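Presented below is the structure to which this report refers.
The values are calculated or read from the model by the stated rules, or taken from the named source; none is laboratory data. Just so you know, these numbers come straight off a predicted model, no measurement behind them. Here the Cβ positions follow ideal geometry from the backbone for every residue, glycine too, while neighbour counts run over all protein chains shown. Just so you know, the surface numbers come from the protein's heavy atoms only, side chains and all, with ligands and any DNA or RNA stripped out. Shrake-Rupley method; radii C 1.70, N 1.55, O 1.52, S 1.80 Å.
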Amino acid sequence: MSKRDYMNTSVQEPPLDYSFRSIHMIQELVSEEPRTGLQPLRHSKSGKSLTQSLWLNNNVLNDLRDFNQVVSQLLEHPENLAWIDLSFNDLTSIDPQVLTTFFNLSVLYLHGNSIQRLGEVNKLAVLPQLRSLTLHGNPIEEEKGYRQYVLCTLPHITTFDFSGVTKADRITAEVWKRMNIKPKKVRIKQDTL
């Protein structure tokens, strides 16, 4: 199967689903059986899953240590991972060594976690394909300007917290940005006489 054929078929593959498994550490995925759905998972000759979706929601993860290594053991093409569901866990931050390395990631669910700093969102700006993001149910949702900040930081997303991003949302976010985020001043070195 060529890489192009893989990309076309794997989008329709069911997710590798480890939801509701009481998983505390990512390393547990290697020995845990994924949930089975209506469609069976397809595997490569090496036994790895051919999906582009990984669901880890409703567990008790508080960090993503070894995530990339474990995902490489589970997926035939981890670089094509397009959907990660980490909702309803105990994550307090967005690990830049993990989530930001999957450049084909287009859907990321992080709702119902414990992310406290709005600045954590900045780390996701490097994901060129990210179109759908959830963060509601985290302490950052209570921050003033939460929605506007996220939309300014991630201008390419089309769905945020399960709501479509409208033209009016983008205008409001731009106005909010001009009023609340001071531009960085450029310092010019001056020669002393």
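Under the simplified labelling scheme, the N122-Q97 pair shows an inter-label distance of 2.0 nm, with each label point 7 Å from Cα along Cα→Cβ.
Here's the picture: charge each Lys and Arg Cβ at +1 and each Asp and Glu Cβ at -1 in the chain, and of S93, P34, T172 the one pushed furthest to the positive end of that dipole is T172. For the chain, pairs of C-alpha atoms spaced more than 25 angstrom apart make up 41 percent of the total.
Percent relative contact order of the chain, based on C-alpha pairs within less than 8 angstrom and at least six residues apart?
Values: 348 pairs, mean separation 27.0, N = 193.
Computed over the chain, the figure is 14 percent.
On full extension, the segment bounded by K48 and D63 gains 3.0 nm, given 0.36 nm per residue less the C-alpha separation.
Going by a ≥ b ≥ c, the root eigenvalues of the Cα gyration tensor, does the range 77-169 fall in the rounded group (a/c under 1.5), the prolate group (a/b larger than b/c) or the oblate group? Can you show the working numbers first?
Numbers: a/c = 1.63, a/b = 1.17, b/c = 1.40.
Cα axes put the range 77-169 in the oblate bin.
Per atom type, the chain shows carbon and sulfur on 53% of its accessible surface, probed at 1.4 Å.
Using unit Cβ charges (K, R positive; D, E negative) and no other charged atoms, how large, in debye to the nearest 20, is the dipole of the chain about its Cα centre? The partial results should precede the final answer.
On the way: 22 positive and 21 negative charges, 211 e Å.
I would put it at about 1020 debye.
With every protein chain kept in place and ligands, DNA and RNA left out, what is the accessible area per residue of the chain? Probe 1.4 Å, answer in Å². Write down the numbers at each step before the final one.
Working: 11480 Å² over 193 residues.
Ligands and nucleic acids excluded, the result is 59 Å² per residue.
Taking amide H positions as modeled 1.01 Å from N, with prolines and chain starts lacking one, the residues under 5 Å from I23 and 5 or more places away or on another chain are V60. Helical runs assigned H by DSSP (4 residues or longer) give the chain a calculated mean residue ellipticity at 222 nm of -5500 deg cm²/dmol, each run adding -39500 (n - 2.57) before division by the residue total. Residues whose amide H falls under 5 Å from that of V165, counting only those 5 or more places apart or on a different chain, are T159, F160, with hydrogens built in the peptide plane.
Between the alpha-carbon centres of the range 27-59 and the range 112-181 there is a gap of 30 Å.
Extension gain for S114-R35 works out to 25.9 nm (0.36 nm per residue, less the C-alpha to C-alpha distance).
The phi torsions of the range 60-74, fed into the Karplus equation with coefficients 6.51, -1.76 and 1.60 and a -60° offset, translate into couplings of 10, 6, 10, 7, 10, 4, 6, 4, 4, 5, 5, 4, 5, 6, 8 Hz, rounded to whole numbers, with Gly and Pro shown as x.
Here the label points at K182 and Q73, each 7 Å from Cα along the C-beta direction, are separated by 4.9 nm in the simple model. Taking Cα centre as origin and charging only the Cβ of basic (Lys, Arg, +1) and acidic (Asp, Glu, -1) residues, the dipole magnitude of the range 13-72 rounds to 200 debye. Using Cβ point charges alone (K and R +1, D and E -1), the dipole size of the range 28-117 about the Cα centre works out to roughly 240 debye.
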